[in-house]
Amino acid sequence: MSIAGKPSIQSLLLDEIAAHLATQNERPYRAKQIIDWIYQKRVTSFDAMSDLPQELRKRLADSFDFTQLQTVRLLGSKDTTRKFLFRLADGNLIESVLIPASPSLYGATSDRRTICVSTQVGCAYGCKFCASGLDGYTRNLDASEIVQQLLAVEKESGERIDNVVFMGMGEPLANFDSVVRAIKIINAPWGMEIGARHITVSTSGLAPQIRKLAEEPLQSRLAISLHGATDDVRNKIMPVNRKYDLTTLLSACDYYASRKKQRIYFEYILIAGINDAEEQAHLLAAHARRLGAKVNLIPYNNVEGLEWSRPSRERQERFLSILRGHGTVATLRREKGHDIDAACGQLRLQTKRSLETAPASAD
Ligand code: SAH
Ligand code: SF4
């Protein structure tokens with residue numbers, strides 16, 4: 001629902017548009033025509049849908065919103081990670097990141113372009129190491145605001161996205177319905193047409209919602225932000241662990257993996273002196289083996305105002321080799337976009353005032 005109180009056309013599924021048209025005695029094929037204008041021809045108004053009768057275009061505009069994200073700022077260059085700052089219709093700001101080919105990224109092979117999308121304005125979960133939680137939570141995005149991030153980034157960059165990670169601002173599983181709806185549109189052959197194996201949802205560990213997601217008829221992937229192999233470590237850095245402890249979380253993961261017959265990912269940020277002890281590596285390997293999970297190690301990215309740092313390269317490699325020594329499938333990521341604060345965990349709300357001095361630009 002938009003602020004004008006009308007549903008957004010980009011949050012509807014094909015059969016929902018068809019059902020709406022049926023109530024108006026419109027021909028069924030009109031729904032596909034409308035969808036093609038949005039996702040194939042990429043028009044930005046009902047008025048541009050030139051093969052629909054004028055009068056139908058007007059009725060659609062009366063019933064639905066057709067908004068676009070407004071690009072406030074674009075950072076980065078064509079060969080590097082690009083960060084897009086978007087303004088929503090109600091003035092709130094969100095960010096998306098376009099990441100060029102990166103073989104170690106979820107679902108990505110060497111020539112893929114990955115978008116990292118936001119699911120909320122801010123985040124309520126307050127992980128101690130993360131920029132997105134620093135300014136608290138404002139609101140959920142609706143499905144169209146998630147889908148619009150893909151449409152806007154493809155339009156701005158002129159490139160086609162073929163991999164999506166729900167790892168921007170916000171906790172996706174705290175905005176369950178809109179995220180599931182957005183995945184359906186992103187995955188649909190009539191929509192963004194991105195294969196489910198190339199869509200990855202990341203969660204800080206909302207165990208009940210992981211179980212709920214397991215019941216959805218989706219084949220998208222799941223990544224768990226683990227960041228600690230014991231309750232002790234997780235409690236220190238992730239308040240969510242006090243609600244759903246490690247045993248509860250891992251049992252939900254187990255359920256998901258077996259129900260979906262899928263391998264899940266554990267994300268593990270390496271933070272010096274916090275979670276990089278060798279013992280953590282041995283325990284992490286044990287969890288991964290039990291669940292058949294893959295581990296992605298991510299050296300911590302500096303966040304202004306936070307005192308954490310990444311361990312030395314040698315220590316990162318040591319952690320990796322312990323995992324591999326146990327037979328765990330693991331990668332150590334070299335972050336892209338570190339320099340423009342676009343790497344995971346560096347997305348944060350910015351005050352409108354700081355933006356007034358920053359015109360939209362691409363460099
Ligand atoms: N809320 C979800 C998805 C968004 S966070 C989640 O927590 O999984 C996306 C990823 O970035 C998570 O794995 C998160 O833990 C990680 N991240 C957060 N802060 C980071 C930082 N400073 N350096 C590296 N990764 C970070
Ligand atoms: Fe929220 Fe994820 Fe950041 Fe934690 S890591 S504060 S859940 S966005």
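Taken over the stretch 284-304, the criterion of being part of a helix (DSSP H, G or I) and farther than 20 Å from residue 127 by Cβ is satisfied by 285, 286, 288, 289, 290, 291.
Tallying residues that are in contact with a helix residue (DSSP H, G or I) (Cβ under 9 Å, 6 or more places away or on another chain) and free of Cβ contacts under 8 Å to residues at least 40 places away in the same chain within the stretch 223-245 yields 8. The residue that is least open to solvent (accessible area, probe 1.4 Å), among those in the stretch 114-143 that are farther than 25 Å from residue 197 by Cβ and more than 9 Å from ligand 2 (Cβ to nearest atom), is 121. Residues being assigned by TED's automatic domain parsing to the domain that holds residue 168, within 30 Å of residue 264 (Cα to Cα) and open to solvent by less than 40 Å² (accessible area, probe 1.4 Å) are entirely absent from the stretch 67-77. A residue that is more than 26 Å from residue 263 (Cβ to Cβ), assigned by TED's automatic domain parsing to the domain that holds residue 283, in contact with a helix residue (DSSP H, G or I) (Cβ under 6 Å, 6 or more places away or on another chain) and part of a loop (DSSP other than H, G, I, E, B) can be found somewhere in the stretch 127-138.
Taking the criterion of being farther than 17 Å from residue 222 by Cβ and buried (at least 19 other Cβ atoms within 10 Å of the Cβ), the residues of the stretch 285-302 that qualify are 285, 297, 299, 300, 301.
Among the conditions (1) within 14 Å of ligand 2 (Cβ to nearest atom); (2) in a loop (DSSP other than H, G, I, E, B), residue 174 misses just one, which is (2). On the stretch given as the stretch 144-176, residues that are of a type in the set (Gly, Ala, Ser), under 20 Å from residue 71 (Cβ atoms) and either within 16 Å of ligand 1 (Cβ to nearest atom) or open to solvent by less than 10 Å² (accessible area, probe 1.4 Å) (or both) total 3. Return yes or no: is residue 250 outside any helix (DSSP H, G or I) and surrounded by fewer than 22 Cβ atoms within 10 Å (Cβ to Cβ)? It is false that residue 250 is outside any helix (DSSP H, G or I) and surrounded by fewer than 22 Cβ atoms within 10 Å (Cβ to Cβ).
The values are calculated or read from the model by the stated rules, or taken from the named source; none is laboratory data. Note that the coordinates shown come from a computational prediction; the quantities given were computed from them, not determined experimentally. For neighbour counting, all protein chains shown are included, and Cβ atoms are generated from backbone atoms with ideal geometry for every residue, glycine included. When the accessible area is computed, the model is the full protein with side chains, heavy atoms only, and any ligands, DNA or RNA have been set aside. Shrake-Rupley method; radii C 1.70, N 1.55, O 1.52, S 1.80 Å.
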